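The values are calculated or read from the model by the stated rules, or taken from the named source; none is laboratory data. Small disclaimer: the values here were computed from a predicted structure and weren't measured. Every residue, glycine as well, gets a Cβ built from its backbone with ideal geometry; the counts of neighbours run over all protein chains shown. Surface areas here come from the heavy atoms of the whole protein model, side chains and all, with no ligands, DNA or RNA. Shrake-Rupley method; radii C 1.70, N 1.55, O 1.52, S 1.80 Å.
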Amino acid sequence: MVDREIKIVDTMIYFVRHAESPFVAGMERERGLSETGRHHAMQVKDVLRIETIDHILSSPYERAIQTVKPLADELQKDIVSYEDLRERELGSIGEMRFEAAKRKLYADFDYHYDAGESSFRARERAVRILDNILQAYEGQGIVIGTHGDIMTLMMSHYDDRYGIAFWESTSMPDIYRLAFQGNQLKDVKRLWQSSTERNDSN
């Protein structure tokens, strides 16, 4: 009897933080990309078209969908959105500066502002979906159009080194490739970052 080595194929998650999107009060879900953002979305397509991509998923927010749409069009794949991959609801922060408000949420994962989500709650609902994705598409390549905050929270579930400093370092757009075996994170590689400085958009 000949022993056959079983090769375990990694599941590749490609987190694509959305491109530049002008802030419009009350339009958190609907606001799309700026002209610069649309240009960068084409660059995202060029980076990922050489990868093995089997599925394209996204946050339901328009700016995340628009960032991965050129890639979806190129590969002739549908974009499937998941409500629980949406950005964290920050809530009412009053006169506090945006960055300071975020730092407080990362310092205390149970804290939340009025009408907002704590880091723990936001991470819990997003990771639940991500775990399902890892199980359903094991051994495949999956692009996920996402946001800086919820991406950081998901990554922190698997490695607590991903926190506020990582969030502050991300650009719009940004691409990270995560290699998983089962639901165990094995490797993270930044594939590309834009030259656009990050701003107060999630």
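Helix-only arithmetic for the chain: the sum of -39500 (n - 2.57) across DSSP H runs with n ≥ 4, divided by the residue total, places the mean residue ellipticity at 222 nm at -11500 deg cm²/dmol. Computed from label points 7 Å out along Cα-Cβ, the spacing between D160 and M96 is 2.2 nm.
In this structure, the pairs whose alpha-carbon distance is over 26 Å, taken from K45/K104; K45/K189; K104/K186, are K45/K104; K104/K186.
When the accessible area of the chain is computed with all protein chains present and a 1.4 Å probe, what percentage of it is carbon and sulfur?
Numbers: 4720 of 10380 Å².
Roughly 45 percent of what the probe reaches on the chain is carbon or sulfur.
A 1.4 Å probe run over the protein chains yields, for the chain, 51 Å² of accessible area per residue, whole-number rounding. With both labels modelled 7 Å from their Cα along Cα-to-Cβ, the I8 to H39 distance reads 4.4 nm.
Each DSSP beta bridge with both residues in the chain is either parallel or antiparallel, and the antiparallel ones are about 55%.
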